Amino acid sequence: MGRKFVVVGNWKMNGDMKQINEIVNNLKKGPLDPNVEVVIGVPAIYLAYVKSIVPDTIGVAAQNCWKVPKGAFTGEISPAMIKDVGADWVILGHSKRRTLFGEKDDLIAQKVAHAIESGLKVIACIGETLDEREAGKTEEVVFRQTKALLPAIGSNWDKVVLAYECVWAIGTGKSATPQQVQDVHASLRNWLSTNVSADVAAKVRIQYGGSVTGATAKELAACPDTDGFIVGAASLKPEFVDIVNATQ
Ligand code: PEP
């Protein structure tokens with residue numbers, strides 16, 4: 001179907017100059033599968049530096065942004081600023097933004113809309129908590145979160161990667177099983193086919209996120225509806241290269 005595998009490293013609030021140099025040197029050494037798109041999600045303060053030292057083949061993402069170009073929004077950064085330092089992606093709707101910082105579907109949608117209109121590509125995160133999964137609400141939650149994004153994305157689905165992250169698997173060391181991932185990705189594609197179009201459903205890339213490691217990446221990558229990963233803890237380690245190369 002021609003969906004290019006895309007692996008995003010979400011460093012979260014980790015790294016200093018020394019560690020960043022080590023991570024980037026490790027990526028440069030690779031070797032990284034040239035058929036895989038690689039993006040690193042960097043703390044805002046290091047975006048310009050990282051952009052200046054990574055090869056152009058590696059995309060650089062901010063981990064958040066605000067919903068307007070500039071103004072009295074102390075502590076925020078805008079898509080225009082992210083672009084100005086050469087980065088071209090932003091991660092939005094991450095579960096930590098939703099839970100720790102109270103971001104709701106409508107705010108996330110506003111951010112997605114502004115990021116896209118500013119020329120950024122978006123990794124849009126969705127996913128259920130453990131309580132929601134145990135209550136049998138996984139699909140309901142994931143569909144609701146995706147539905148909220150539809151007006152924001154409009155016809156710009158080529159600028160968006162959907163990141164399905166089980167909140168209960170993020171940072172816990174407990175990954176979802178390949179079957180659990182495949183089930184959600186397949187029903188999400190089905191939902192997109194009904195609610196957006198068959199074309200978008202076939203073309204949009206859906207990543208899995210939640211404790212992916214070098215040891216688990218290959219079997220997760222074998223799921224037919226998984227087109228990549230968003231990786232937290234392991235993106236700071238040399239095994240990130242193995243995750244990028246999981247489809248080899
Ligand atoms: C994340 O924070 O997006 C993530 C998937 O983290 P981890 O891989 O550490 O679970």
**OP:** Quick one: what are the phi-derived ³J(HN,Hα) couplings along segment 33-46, Karplus 6.51/-1.76/1.60 with θ = phi - 60°, whole Hz, x for glycine and proline?
**Re:** 3, x, 8, 10, 7, 10, 9, 10, x, 10, x, 3, 5, 9
Original post:
Can you tell me the Rg and the Dmax, both Å, for the Cα atoms in segment 1-105?
Top reply: 14.6, 45
Original post:
In square nanometres, what is one fourth of the surface area of the convex hull spanned by the alpha carbons of the chain?
Top reply: 12.2 nm²
Original post:
Pairs Lys174/Lys237; Lys96/Lys147; Lys104/Lys237; Lys83/Lys203; Lys67/Lys137: which are spaced more than 22 Å apart, C-alpha to C-alpha?
Top reply: Lys104/Lys237; Lys83/Lys203; Lys67/Lys137
Original post:
Share of antiparallel DSSP beta bridges in the chain, in percent to the nearest 5?
Top reply: 0 percent
Original post:
Where the centroid of each part is defined by its Cα atoms, how far is segment 197-224 from segment 38-93 in Å?
Top reply: 24 Å
**OP:** Assuming R0 = 25 Å, can you tell me the calculated FRET efficiency for the pair Asn21 and Asp84, based on Cβ-Cβ distance, to the nearest 0.05?
**Re:** 0.60
Subject >> Which of Lys111, Lys174 has the fewest Cβ neighbours within 10 Å, and the rest in rising order >> reply: Lys174, Lys111
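Read-outs: derived from the displayed coordinates by stated rules, not from any lab. Remember, it's a predicted structure, so these values are computed and weren't measured experimentally. Positions of Cβ are generated from backbone atoms using ideal geometry, with glycine treated the same way; all protein chains shown enter the neighbour counts.
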